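Data first, discussion second: the structure below is written as structure tokens.
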Amino acid sequence: MTDSHPAPPPQARSRQPARGSRLGRSMIRYVLIAAVALLALAWGYTEIKARLTHVFEYDARIATDLVTLSSRRDGQLLELVAEEGQRVEKGAALARLDDRIPRLEARAIQARLGSLESDRERLAGKQQMMGEQTDSRVSSRNSELVANEAKRASLRAELALAQQDLARVEKLFRSKVISRARLDAARAAVGRLRSDVAEAEAQMQRARGAIAESEADRGEVDMISQEIAMLNHEAEALRAELEQKRVEIEEHVITAPMAGIIDRLFVEQGEYVRAGQRILMMHNPDAIWVEANIKETELRLLRIGQPVQVSIDAFPDAKFVGEVIRIGSTTTAKFALLPTPNPSGNFTKITQRVPVRIALDRSAAPDLELSPGMMVEVEIDVRE
């Protein structure tokens with residue numbers, strides 16, 4: 001008698017391979033879940049490590065100093081050569097106001113100044129001529145006076161001798177030693193010398209009078225000097241007024257204070273503008289930085305000089321580096337144009353942000369045109 005086992009039904013034979021395939025699929029699923037979990041752990045570790053060693057800000061912007069140029073004078077805008085987006089050099093003329101009136105006034109002042117200069121030169125020539133003539137006359141009269149004084153002294157000496165000789169001759173005549181003719185000759189000599197001395201004194205008086213007249217002419221020369229001084233003073237005032245007009249003419253031309261790019265025009269050619277009215281706005285493309293508003297809770301991690309990785313949304317393939325150069329001392333909410341009122345009295349604590357300035361090294365892509373306001377993402381390394 002033999003034992004015989006019945007064959008399993010067909011359904012049982014098909015269940016065994018199905019159970020094996022389910023087991024394989026479960027293993028694959030577990031492996032995938034484990035791999036995803038490991039990747040998540042690795043990513044989480046990397047992210048946590050980065051958060052501990054870096055400060056991230058995804059709402060930073062390219063910033064610069066925007067310079068607004070205003071009109072310094074009233075007038076019609078005759079020329080507006082600047083265009084938005086145009087690059088200009090320092091000192092380039094961007095706009096010109098109507099300057100015909102100050103130019104006419106400057107010409108009138110120049111004409112008055114020229115007339116004054118002519119009068120001053122004429123008086124200066126007259127002064128020089130009169131001064132030279134007066135000096136010559138005074139010198140000549142002084143020489144004449146000196147000569148007459150010497151002549152009078154000599155004649156007086158001769159007169160004294162002649163008078164002594166006359167006294168001796170009269171004594172001898174009384175003694176009948178000499179003749180009357182000899183006495184008369186001695187008396188005639190004394191009279192002649194007295195007349196010569198008187199004439200010399202008269203000449204001295206005339207010389208002194210001529211010197212006095214010449215000195216009076218010096219007074220006229222001094223008056224001319226005063227007139228020249230007044231003309232010089234008036235000419236200086238006119239030169240100052242002319243320089244003021246030249247400055248006024250220059251102020252009718254609006255020039256670029258720096259090399260830069262025109263960002264916006266506020267007026268159109270032909271408009272009448274007032275002093276102080278905005279004409280245009282520009283910036284220097286070489287003087288830009290990144291402005292990042294960092295949470296106040298992360299400020300304790302920041303230091304001046306920390307390196308920064310910078311990504312610009314407009315140029316995702318370009319990577320820049322930077323450096324923290326300034327940490328603000330006041331939150332951005334302090335300077336908000338519209339304050340956040342709280343009429344209900346309910347208090348909700350909001351994390352404030354502080355502006356941080358980051359110097360940008362553009363050597364990696366010097367040809368890229370970075371414009372103010374471009375969105376930037378920054379990653380500040382706080383380990384240093």
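The values are calculated or read from the model by the stated rules, or taken from the named source; none is laboratory data. Just so we're clear, the structure is a prediction, and the values are computed from it rather than from any experiment. Methodologically, a virtual Cβ is constructed for each residue, glycine included, from the backbone with ideal geometry; neighbour enumeration extends over all protein chains shown.
Would you be able to say whether some residue in the range 258-272 is acidic (D, E) and in a loop (DSSP other than H, G, I, E, B)?
Checking the range 258-272: at least one residue is acidic (D, E) and in a loop (DSSP other than H, G, I, E, B).
Does the range 142-171 hold any residues that are more than 16 Å from S195 (Cβ to Cβ) and in contact with a Lys or Arg (Cβ under 8 Å, 6 or more places away or on another chain), and which are they?
Once the filter is applied, which keeps residues that are more than 16 Å from S195 (Cβ to Cβ) and in contact with a Lys or Arg (Cβ under 8 Å, 6 or more places away or on another chain), the range 142-171 yields L145, V169.
I want to confirm something. Restricting to the range 370-384 and keeping residues that are part of a loop (DSSP other than H, G, I, E, B) and more than 35 Å from the chain's Cα centre (by Cα), which single residue is modelled with the lowest pLDDT?
E384
When residues of the range 185-201 are filtered for being under 30 Å from A212 (Cβ atoms) and without any contact (Cβ under 8 Å) to a residue 12 or more places away in the chain, how many remain?
3
Specify the residue that is modelled with the lowest pLDDT; the eligible residues are those in the range 314-369 that are assigned to a helix (DSSP H, G or I) and out of contact with any Pro (no Cβ under 7 Å at 6 or more places or on another chain).
Taking the candidates together, the pick is F335.
Can you tell me which residue among I109, I101 is of a type outside the set (G, A, S), touching a residue at least 40 places away in the same chain (Cβ under 8 Å) and assigned to a helix (DSSP H, G or I)?
After applying the criteria, what remains is I109.
Only one of A292, A237, A275 is in a helix (DSSP H, G or I) and either surrounded by fewer than 18 Cβ atoms within 10 Å (Cβ to Cβ) or touching a residue at least 60 places away in the same chain (Cβ under 8 Å) (or both); which?
A237
Within the range 137-184, track down each residue that is in contact (Cβ under 8 Å) with a residue 12 or more places away in the chain and of a type in the set (G, A, S).
Passing the criteria: only A162.
Among (1) part of a strand (DSSP E or B); (2) at pLDDT below 70, which single condition is L78 missing?
(2)
Given the criteria within 30 Å of G219 (Cβ to Cβ), among the charged types (D, E, K, R) and at pLDDT below 90, does R120 qualify?
Taking the combined requirement at face value, the residue satisfies it.
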